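**Student:** Would you mind keeping the following structure in view while I ask a few things?
Where a number appears in this text, it was derived from the coordinates with a stated rule and is not lab data. Please read all numbers here as calculations on a predicted model, not as lab measurements. Cβ sites come from the backbone with ideal geometry, for glycine too, and all protein chains shown count toward neighbours.
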Amino acid sequence: MHVAAGRSSVFTGLDWHSIRAHYDHRVSVSKNLRKLYNRAGVHDFAQLAVGNGDDAGNYSAAEHHLAPRILANLNAERRIFDLAGEFIRMKDAAAVSAVIRRAGLNYLGIGVGSELSCMVNPDVCWVCNVRTIWTHIAWESGTANAEDALKLFREGDAASEMAYVDWAEEYHPLLGYSLIHIAKDAERYCIKAGVTPGTVTFLWADAIAGHAYGKYHD
């Protein structure tokens, strides 16, 4: 089976207790975002949605210090709130990229936007960023191939925001399938470590991806 070479290299040596703690915090923040949205707390919602006050609100924004740039958009908080509403109403994630583009918020691209979609609607939407893409490739064909793909991207026009957007949007449709199966395949490793797997699949898979990528790069 073509995925066998990738799977063991993705999961071996991960700290499942840390992954579970990461996941639990993300679930808590996700629930808080939904509460803020339901209360129409536009300011507090938008701030947390771009990682202000808690990086777990949006690691993609926090890691690259994008919150001030995103919030500098005209009427940014309301537009972030309205964008989240579109994600919440989604029944499938096929339109995530198009909705992000239509929102037209500078610096809120596929990485930050898909993470927002997952945080407010984690049963339907998934995170598409360097960490999940790398893990997707590693799961399919091994970490060496994931490293090669990352190297090729970074040796290209990696300084261009559009280069990243195009690269990530290419992978977004593929991640729904792979992240579901990454979460499932990880169960035996997790249980062997004495840790209960997460039940919110896309947040659980994202936590795994973050730590798998971090094992090689942080």
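**Student:** What is the ratio of the Cα radius of gyration of the range 27-109 to 2.2 N^0.38 Å, where N is its residue count, to two decimals?
**Tutor:** 1.01
**Student:** Sum -39500 (n - 2.57) across every DSSP H segment of at least 4 residues in the chain, then divide by the residue count to get the 222 nm mean residue ellipticity, nearest 500.
**Tutor:** It lands at -22000 deg cm²/dmol.
**Student:** Arrange V42, V120 by Cβ neighbour counts within 10 Å, fewest through most, would you?
**Tutor:** Numbers: V42 16, V120 23.
Least crowded to most crowded, the residues run V42, V120.
**Student:** Taking the Cβ of A56 as the centre, find all other residues whose Cβ is under 12 Å away and add up their charges (Lys, Arg: +1; Asp, Glu: -1).
**Tutor:** That sum, taken over residues with Cβ under 12 Å, equals -4.
**Student:** Mind sorting out which of [x] 19.1; [y] 17.4; [z] 17.9 is the real Kirkwood radius over Cα pairs in Å computed from the coordinates?
**Tutor:** Computed from these coordinates, Kirkwood radius over Cα pairs in Å corresponds to label [y].
**Student:** Moving on to the next point. Rank-order 173-181, 191-199 by packing density, defined as the average count of other C-beta atoms within 10 Å over each peptide's residues, highest first.
**Tutor:** Final packing ranking: 173-181, 191-199.
**Student:** Where a Cα-Cα gap under 23 Å defines reach, which lysines qualify for K151, not counting those fewer than 8 residues away within the same chain?
**Tutor:** Correct list for K151: K215.
**Student:** So, one more: Where does each of 55-63, 200-208, 73-81 land if you order them by average Cβ count within 10 Å, highest first?
**Tutor:** Values: 55-63: 21.4, 200-208: 25.6, 73-81: 16.1.
Ranking, from highest mean packing down: 200-208, 55-63, 73-81.
**Student:** Further question on the same structure: Could you name the aspartates and glutamates whose alpha carbon sits less than 13 Å from that of K91, not counting residues in the same chain fewer than 8 places away?
**Tutor:** Leaving aside aspartates and glutamates fewer than 8 places away in the same chain, those within reach of K91 are D123.
**Student:** Using Cα-Cα distances under 8 Å and only pairs 6 or more residues apart, what relative contact order does the chain have, in percent?
**Tutor:** 28 percent
**Student:** Which of the peptides 17-29, 88-100, 122-134 is most tightly packed, and how do the rest follow, going by the mean number of other Cβ atoms within 10 Å of each residue?
**Tutor:** 122-134, 17-29, 88-100
**Student:** Apply 1/(1 + (r/R0)^6) to the Cβ-Cβ distance of K184 and V42, taking R0 = 35 Å, and write down the FRET efficiency to the nearest 0.05.
**Tutor:** 0.40
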